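Read through the structure below, which is laid out as structure tokens, and then see the notes.
The values are calculated or read from the model by the stated rules, or taken from the named source; none is laboratory data. These figures come from a predicted structure and were not determined experimentally. Positions of Cβ are backbone-derived with ideal geometry, glycine not excepted, and every protein chain shown enters the neighbour counts.
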Amino acid sequence: MWIIVDGYNLIRQWPELAMLDRADLQSGREALLQELRGYQRAKHHRITVIFDGRERGGVSGGTENAGGIGVRYSRQGETADAVIARLVAEGGEGAVVVSSDREVQSAARRHGAAPLSAEEFMTRMEAGRIAALKGGDDEDRPQKTGKGTARRLP
């Protein structure tokens, strides 16, 4: 699965990362990438994070690999939203786009990608972290249906 993340959107929806971001953009980005690396180790998904290049401190455009996470910065005059729309248009069918921005979510749907709000993604990351601590993946465990024999005392 390919997960495309609207970087600053997710950072600013995540209270702990938003605090770091307000103090220093680089700290917020690094903290997000650290969280995503942990999630990637557990789930083995391909993850690409898109940041607005104009917020990078004047540098525009560019790509890099940060410990297995693809990182892209928009060019000057281009938004991260436009980069995300272009990625899903070029081959994002079946991808998951993480953003709470309605326009980004609409672009994802138009091109066959599944939109996922930042809040829902944070919930899934936390569930993955808990499952890893318990020694397994919640998706691999049999789910209880609530049906079966009642265990009542006679």
* To do: Give segment 89-112 a look and list any residue that's at pLDDT below 95, among the hydrophobic types (A, V, I, L, M, F, W, C) and outside any helix (DSSP H, G or I), or say none.
  => A95
* Structure fact -> Among residues of segment 79-129 being of a type in the set (V, I, T) and in contact with a strand residue (DSSP E or B) (Cβ under 6 Å, 6 or more places away or on another chain), the residue surrounded by the fewest Cβ atoms within 10 Å (Cβ to Cβ) is V96
* Structure fact -> Those residues of segment 8-33 which are surrounded by fewer than 16 Cβ atoms within 10 Å (Cβ to Cβ) and more than 14 Å from M122 (Cα to Cα) amount to M19, R22, A23, D24, Q26, S27, E30
* Asked: If you check every pair at least six apart or on different chains, which have Cβ atoms under 9 Å apart with a residue in segment 27-49 that is in a helix (DSSP H, G or I) first and a residue that is surrounded by 17 or more Cβ atoms within 10 Å (Cβ to Cβ) and of a type in the set (D, E) second?
  -> S27/D21; G28/D21; R29/D21; A31/D21; L32/D21
* Asked: Hey, V5 hits all of (1) buried (at least 17 other Cβ atoms within 10 Å of the Cβ); (2) at pLDDT below 95; (3) of a type in the set (A, V, I, L, M, F, W, C) but one; which does it fall short on?
  -> (2)
* Residue check for N65: outside any helix (DSSP H, G or I) and closer than 29 Å to I130 by Cα -> yes
